[in-house]
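Engineer: After the structure tokens below, expect a handful of questions from me.
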Amino acid sequence: MDDDWMVEWRRCKDDDPEWPVIQSEVSTAPFPFLLRTREGWYIEPDPLHSLARRLIAPTVSLLILTLLVHSMEPGLVKIGFLSEAIAGSYRIGPLDYPKMLLVAFPIFLLPIVSRMVANLRDIRRQNAYIESPLESPVISLVNERNGVRIDKMRMPLEIMANRARIQVGIAVPERSKVLEALTRKEGRQPAPGMSTQLPERRITTGEELGTGVGEAIPMPVAHQRVLLLEPMRVQEAGEWVDIGGSEVSHRLKGPENLWPGSIYSAVIAIHWELVIQAIRDDGTRMKWVRPLKMPSREGLEEISKMAVRSGRTELSD
């Protein structure tokens, strides 16, 4: 919708305002920066990341409530709302500590501890994959109207496929073209929503475009290829289809909205991909991602609501 986030690809009109003109190659093949970050085997983040994210709100609320009650403790005890046994304190060494805070603070630390444990597990799984990488599966696909058909699939011996789906989204624009459109120059104050570009040797995730802000969670290891798949910021997917232990062909449908076919430019890139979830023989949950070249289609309609997603890796599903 015009009053919300909007992406539009159309011909120029005579009554268009004087927008910056950006010269860019237009192709139906994925650009190299997408192939570096969205092709091959990926390790699914530990489930503790999602648990830790859900625990943040209640644990912070509990700590704030405990501090609030502690600040009003004399009045609450006087009116009988709080007993002195609960509102008392424990002496540890030369200092007294409120009883309620001694209970609430360890609970507040649960999300942090869960993140630490999950990161350690993710790092161990990534290092194990680097020591023993997997071969690429052999997959034969046939494009259909709004999806694909898997006619043949042979996975590596040490892994078992569970389910598959196709998804489509809009890739992050190239940094140089975004700065050009905003009439900004590299090396000066970055545009709103963009971070300062980092030296390439310091980049360990898919943030080489400098369009994201914040820490990388889950933590990736230093490797020539990113092993944790980040979701596209605009992404919509079809339904999961169970493919485990079956040799028959499978049809994977696209999302309910009819998206354009594969097309790539420096500013707008419509990217389709096949995602297969699998489990390795050591119990590691994996994903195989392969870009799809979907033909252009007719009868496209306006997608009224853009499917904007979080960039968190643990929310990639």
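Engineer: Quick check: anything in the range 157-169 under 26 Å from Ala269 (Cα atoms) and either small (Gly, Ala, Ser) or out of contact with any Phe, Trp or Tyr (no Cβ under 8 Å at 6 or more places or on another chain) (or both)?
Structural biologist: So far as the range 157-169 goes, yes, one or more of its residues are under 26 Å from Ala269 (Cα atoms) and either small (Gly, Ala, Ser) or out of contact with any Phe, Trp or Tyr (no Cβ under 8 Å at 6 or more places or on another chain) (or both).
Engineer: Which residue pairs have Cβ atoms under 6 Å apart, sit 6 or more places apart or on different chains, and have a first residue in the range 144-158 that is over 18 Å from Gly40 (Cα atoms) and a second that is in a loop (DSSP other than H, G, I, E, B) and open to solvent by 40 Å² or more (accessible area, probe 1.4 Å)?
Structural biologist: Listed by first residue and then by second, the contacts come to Arg149/Ser249; Asp151/Ser249.
Engineer: Return the pairs, sorted by first residue and then second, in which the second residue is assigned to a loop (DSSP other than H, G, I, E, B) and at pLDDT 85 or above, the first residue lies in the range 1-28 and is over 20 Å from Glu180 (Cβ atoms), the beta carbons are less than 7 Å apart, and the residues are 6+ apart or on different chains.
Structural biologist: Once the first residue is over 20 Å from Glu180 (Cβ atoms) and sits in the range 1-28, its partners that are assigned to a loop (DSSP other than H, G, I, E, B) and at pLDDT 85 or above give Thr28/Ser262; Thr28/Lys293.
Engineer: Could you say which residue among Glu298, Glu273 is among the acidic types (Asp, Glu), assigned to a loop (DSSP other than H, G, I, E, B) and either out of contact with any Cys (no Cβ under 6 Å at 6 or more places or on another chain) or open to solvent by 40 Å² or more (accessible area, probe 1.4 Å) (or both)?
Structural biologist: Glu298
Engineer: Still on this structure, I have one more. Please indicate, with yes or no, whether at least one residue in the range 244-256 is in contact with a strand residue (DSSP E or B) (Cβ under 9 Å, 6 or more places away or on another chain), in a strand (DSSP E or B), within 18 Å of Tyr42 (Cβ to Cβ) and open to solvent by less than 20 Å² (accessible area, probe 1.4 Å).
Structural biologist: Within the range 244-256 (the criterion being in contact with a strand residue (DSSP E or B) (Cβ under 9 Å, 6 or more places away or on another chain), in a strand (DSSP E or B), within 18 Å of Tyr42 (Cβ to Cβ) and open to solvent by less than 20 Å² (accessible area, probe 1.4 Å)), the answer is no, since none of the residues qualifies.
Engineer: If I ask for residues that are under 18 Å from Ala128 (Cβ atoms) and without any contact (Cβ under 8 Å) to a residue 24 or more places away in the chain, which ones from the range 29-46 would you list?
Structural biologist: Of everything in the range 29-46, nothing turns out to be under 18 Å from Ala128 (Cβ atoms) and without any contact (Cβ under 8 Å) to a residue 24 or more places away in the chain.
Engineer: Turning to a different aspect of this structure: If only one of Asp151, Asp122 is under 29 Å from Leu51 (Cα atoms) and among the acidic types (Asp, Glu), which one is it?
Structural biologist: Asp122
The values are calculated or read from the model by the stated rules, or taken from the named source; none is laboratory data. What you are looking at is a predicted structure, and each value in this text was computed from that prediction instead of being measured. Cβ: placed from backbone, ideal geometry, glycine included. Neighbour counts: every protein chain shown. Surface areas here come from the heavy atoms of the whole protein model, side chains and all, with no ligands, DNA or RNA. Shrake-Rupley method; radii C 1.70, N 1.55, O 1.52, S 1.80 Å.
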